[in-house]
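Read the figures in this text as sums done on the coordinates, not as results from a lab. None of these values were measured; they are calculated from a predicted model. No Cβ is skipped: glycine too gets one built from the backbone with ideal geometry, and neighbour counts run over all protein chains shown.
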């Protein structure tokens, strides 16, 4: 194994300790994937069966891939683009592919973050009934908003500005400190909304659907959806965990840190489903659960109008989603900065500025894609949907597959195991890690990739 020296290694920032690392990494994992995507996927693809499969996959597939990525980052003290090159120069391309993911995701993620801020502001300043209305053309408030040429841009730039402010402070003072505030607040908010949702009259049917696996709901689509959700929920295969691992001190136990991140992340995702699904059963129609991505911005406003204290709950909910979006946006942006620093040997400030320019350019396309640029589509997808498909359905499975092959057969699992145990703690599940990373994960990832491509070309319906 070849290992190159890096000038960046000696000056690299670090998290102050295990708590800071776990909360920051959990903040990265807990985002719109948990608060937005997880509930609608669970609702659409089998409720309790989806939840059961997701937990099993998180404890095996997700655990193994996260351990590998964090260990690669800590061993090399580099972001993805430099880490693979340092370990084995011939496999530099894996780092390049991994680095493309956050560069593509960060702009459109910030656009969606702007949408969340807009709805939060609307609920603060408007009656809840007004936000559930449609205009004379039959457009919902959300559809009218995203088709506007100016307003989505303003909220996109505002969300991006908040992210950059925290990022500019640095790893310890910005990312770590903000995570220590935002993550506990996030848990408290989602717990409050979930408890309220479960106490609504008629919510019991939604609770049963969400928490009780039904064998009749087991299907290929359910399994594929649960596997795909892992990438979103755990921030895997996008270079984030490698970057955060590069900031991790040697005395921190990787194995227990990963368990804590996964437990934290899964609890948030579970509570998010508990906050949304019973409420839709109680105050709307169970059929609305099949609405998919529009569940948050179109269906939930209708649900809030039927709730007692609906406006208060709506404000609380969108504060929650905003916090989640912000923590993930911070990690995505930080990964982009780290990539530029490592690749071009730039200082932090120029890297932040360069990342900002890329983000604004790509974000403009995503923001305008439902308005002035709506006539431009690729495979029937607007810009934001296209960027989402390329990053999440194509690049992430490819990166995850090559990472498994790289760890399983090139540098060998013993390299990762040695790094995990370098903190002085035994890697208790190293046998599970080895089996999953060499045999199980690559097969599952190939299935995900094939299914995603077939879906995009209309061969199957998800």
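A few comments on the model shown:
- Here the contact order of the chain, divided by its residue count and restricted to Cα pairs under 8 Å and six or more residues apart, works out to 33 percent.
- When shorter helices are ignored and each DSSP H run of at least 4 residues is given -39500 (n - 2.57), the per-residue value for the chain at 222 nm works out to -21500 deg cm²/dmol.
- Stokes-Einstein D for the range 289-439, Kirkwood Rh over Cα pairs, 4 °C, 1.567 mPa s (µm²/s): 65 µm²/s
- Taking packing as the residue-averaged number of other Cβ atoms within 10 angstrom, the listed peptides 57-66, 334-343, 448-457 run from highest to lowest as 334-343, 57-66, 448-457.
- Taking the fewest neighbouring Cβ atoms within 10 Å as the starting point, the ordered list for 241, 183, 212, 296 is 212, 183, 296, 241.
- Per-selection metrics, the range 346-415 (Cα): Rg and Dmax in Å: 17.6, 53
- Using the alpha carbons alone, the radius of gyration of the chain stands to its Kirkwood radius in an Rg to Rh ratio of 0.95.
- Where labels lie 7 Å past Cα in the beta-carbon direction, separation of residue 410 and residue 425 in nm: 2.8 nm
- Under conditions of 37 °C and 0.692 mPa s, the range 34-190 yields 169 µm² s⁻¹ as its translational diffusion coefficient, taking Rh as the Kirkwood radius over Cα pairs in the Stokes-Einstein equation.
- For 276, 204, 417, 166, order by how many other beta-carbon atoms lie within 10 Å, fewest first: 204, 417, 166, 276
- The range 413-462-the range 124-173 distance, computed between alpha-carbon centres (Å): 36 Å
- By the count of neighbouring beta-carbon atoms within 10 Å, fewest first, 445, 358, 195, 390 end up ordered 195, 358, 390, 445.
- Evaluated over the Cα positions of the range 223-356, the convex hull gives a direction-averaged projected area, one quarter of its surface, of 11.0 nm².
- Once the C-beta distance of residue 418 and residue 136 is scaled by a Förster radius of 41 Å, the resulting FRET efficiency is 0.05 to the nearest 0.05.
- For the pair residue 56 and residue 457, label points projected 7 Å from Cα toward Cβ lie 3.1 nm apart.
- Taking label positions 7 Å along the Cα-Cβ direction at both residue 378 and residue 90, the computed distance is 3.2 nm, reported to one decimal.
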